[in-house]
Every structure is written in C-alpha cells, then in structure tokens.
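Since the structure comes first, as structure tokens, the remarks are kept for the end.
The values are calculated or read from the model by the stated rules, or taken from the named source; none is laboratory data. All figures in this text were calculated on a predicted structure; none of them were measured in a lab. All Cβ positions, glycine included, derive from the backbone under ideal geometry; neighbour counts span all protein chains shown. Side chains included, ligands, DNA and RNA excluded: accessible areas come from the protein's heavy atoms. Shrake-Rupley method; radii C 1.70, N 1.55, O 1.52, S 1.80 Å.
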Amino acid sequence: YFPSTAVKIQAGKTKKTRGKLMKVKVALAQISPQLGNVEENLSIHLQIANTAHQKGVQLLVFPELSLTGYWLRDQAFSVAMIPSAENKTFAALLDTSRRLDMVVGFVERDRRYRYLISAAYLSKGRIVHIHRKVYLPTYGMFDEGRYFASGNAIQAFDTQFGRMGLLICEDFWHMSSAYLLWLDGADLLILTSSAPQSELADDEKMGSATRVELIANTYASIFTNFVIHVNRTGSEAGANFYGGSTVFGPEGNQIVPSTYNKEGLFTAELDLMQLRRARIRLPLLRDERGDLTARELRRILNSQ
C-alpha cells in the first residue's frame, strides 16, 4: 500500500530467550481513512496488513478510528459495529490477525445502543483486548461528548510479546492513564490518535505535534517503557491531521523518527531486553509506592 514510504530501522531476526520473544518487529500505519467508508477503509487495512506481513512485521498498529474516519458526527451511529466474528468487518480483520497482531480503531456499539470510540487488539484470530476511550474532549473544535459514551476502564493486557496497554488520544493527555497501565504491568504503551494540527511551532513541527511527542518521550523515560504513538494524516471538515507517528524506547531514545503530513508504513524492531537495561540503570518501577499513592488519593478524594 505504501511501496515508496516504508522505513526500516534496526532490522534483524526475531530472537527468543528461554521461550520468550526478546525482539518484536512493529509497524506504524500512518493512514488517511475515508470518512464514513468502512468498506474502503477495511480494504486499506487488509492491503497494509499484507504488505506488513511480507516485511516480517509481527505487530501492526493503526490510528484512532482507522476504520471510520474521525469527524463523523451523526454518521457515527450508522458506521458503528459490535466487535465479534459475526461482524463481517471484524471477521476479515480477525482472519488477518492469524498472520500478525493488529490494533485497529472503530466506533463500537454495545448491545444497549451506546456508542464508544474504541481500539481493539487482535491476535491469532481472536480479540485479546478492547479499550474504550475514557476522556472525550469537548473543548475547542472537539465535541465528542455529544455523540459518544465514555469508557470506564484502564487495564493492561497480556500478549505474545508481553504485557501492554492501550490509550486513545485524549486519554494520554492524562498522566494518570499511563500511570495506571504501568502499575498494572504494561511494559509497552500503545497510543493511537486522530490529532489535528494546530498553529505552527516552527517550519516543520505543529504546536500540538511537539507537545504530543514530548508526552510520549516523557512516558517512555519516566515509566522506562516502550511507547508507540500512531496518528493519522489527511483532512476532514477543514481540519488537517499531521501524522508524526513515532516510537520511543525505555531509555527515552527515539526509535522511529516522526514523519509529518504524509501517509506511510514505518517499521522498527524493538529489543525488549532494553527494558532490563533501563530498569537496572533507573529503578523507578522497583521503588514506586503504589500503596502510598492509593492512600493519598483516597485522602484527597474524601476531603473534597
């Protein structure tokens, strides 16, 4: 799908130590979904997944609402789906996930007709985890709370590559979200977004892009985690989405350089042993006092 824009970084064979994967090849699908066209967006997903599989990718991540586009408004209700093998869109994605793990974004409808912005982690033909966006922005140009219900859980989950956490756009502007996933055992944070550009910060980087990249870098450094951020590109309703997808390692090193304002499939091999090295040098996880945090939070909330 992106034959001229693929980027290969630190390529090599996946290694196993004591039956555990030590390296994982990931791909960031920086795409421009077609607004409201689930059928066409599914086709794009399957094409990219095929390309990624041929490149040896083991984990493919798409941005927020990758199957539907972002500025849906009332269209949200017609493109929503219940994630299961009974849904033809998910059936195709689940079949593809037998070849490589995937994260996809969609509008979810629950059985009582509530609509949520969701992201699903798919692997080996099954849905491993679904994260429902907790924080819905209702400021500036955003009006998500008018159309969507909020998720009510932030939980890490196990995969063949280790324990992970998923957050969607506004969720990762709240440090408590990433902190909860870290305490819940996530060593790899996946952040998906449909973030539009704001004012230019300089000749290349948009203001919001600079801040989001700083947040991703901060989470990687403070939590000594891998952080994958995938943002979309393209235009909708007069808004431009800047891309800027990237990966940071647990020592704050940028593994995938950000690329702005164009589609692309960007790959990297993550050395999971970097977690060990980072946490020996900076044992913040070892020394973290979750019990103290919980106690003080109860005190603060009870005093309000």
Problem set entry | Extreme residue, surrounded by the fewest Cβ atoms within 10 Å (Cβ to Cβ), among residues of region 117-170 that are of a type in the set (Lys, Arg) and either modelled with pLDDT under 95 or more than 22 Å from Lys25 (Cβ to Cβ) (or both) | Arg146
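Residue-wise test of (1) without any contact (Cβ under 8 Å) to a residue 60 or more places away in the chain; (2) crowded, with 18+ Cβ neighbours inside 10 Å; (3) touching a Gly at 6+ places or on another chain (Cβ under 6 Å); (4) not small (Gly, Ala, Ser).
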position: His45; (1), (2), (3), (4): yes, yes, no, yes
position: Ile48; (1), (2), (3), (4): no, yes, no, yes
position: Gln54; (1), (2), (3), (4): yes, no, no, yes
position: Asp74; (1), (2), (3), (4): no, no, no, yes
position: Ile82; (1), (2), (3), (4): yes, no, no, yes
position: Met102; (1), (2), (3), (4): yes, yes, no, yes
Problem set entry | Where a residue in region 184-198 is touching a residue at least 60 places away in the same chain (Cβ under 8 Å) and its partner, wherever it lies, is open to solvent by less than 10 Å² (accessible area, probe 1.4 Å) and basic (Lys, Arg), with Cβ under 7 Å and at least six apart | Ser194/Arg232
Problem set entry | Odd one out for Leu65 among (1) on the phi > 0 side of the Ramachandran plot; (2) over 20 Å from the mean Cα position of the chain (by Cα); (3) not aromatic (Phe, Trp, Tyr) | (2)
Exercise. In region 26-44, what count of residues is obtained for those that are in a strand (DSSP E or B) and touching a helix residue (DSSP H, G or I) at 6+ places or on another chain (Cβ under 9 Å)?
Worked result: 2
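Please go through region 98-139 and give me each residue that is of a type in the set (Ser, Thr, Tyr), over 19 Å from the mean Cα position of the chain (by Cα) and within 20 Å of Asn50 (Cα to Cα), ordered by number.
In the first step, residues of region 98-139 are kept if they are of a type in the set (Ser, Thr, Tyr); the result is 113, 115, 118, 121, 123, 135, 138-139.
From the residues that got through so far, the ones that are over 19 Å from the mean Cα position of the chain (by Cα) too are 113, 115, 138-139.
Result: no residue meets the conditions.
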Problem set entry | Unique match (being charged (D, E, K, R) and closer than 19 Å to His229 by Cβ) among Lys124, Lys133 | Lys133
For this session: With respect to Val230, determine if the residue is out of contact with any Ser or Thr (no Cβ under 7 Å at 6 or more places or on another chain), assigned to a strand (DSSP E or B) and surrounded by 14 or more Cβ atoms within 10 Å (Cβ to Cβ).
Result: no
Exercise. Can you name the residue in region 173-225 that is in a strand (DSSP E or B) and at pLDDT below 95 and is also surrounded by the fewest Cβ atoms within 10 Å (Cβ to Cβ) among such residues?
Worked result: Leu200
For this session: Check Gly252, Gly244 and return the single one that is open to solvent by 10 Å² or more (accessible area, probe 1.4 Å), in contact with a helix residue (DSSP H, G or I) (Cβ under 6 Å, 6 or more places away or on another chain) and within 30 Å of Gly56 (Cβ to Cβ).
Result: Gly252
Problem set entry | Residue selected from region 256-304 under the condition part of a helix (DSSP H, G or I), polar (S, T, N, Q) and open to solvent by less than 90 Å² (accessible area, probe 1.4 Å), by the criterion farthest from Leu21 (Cα to Cα) | Thr293
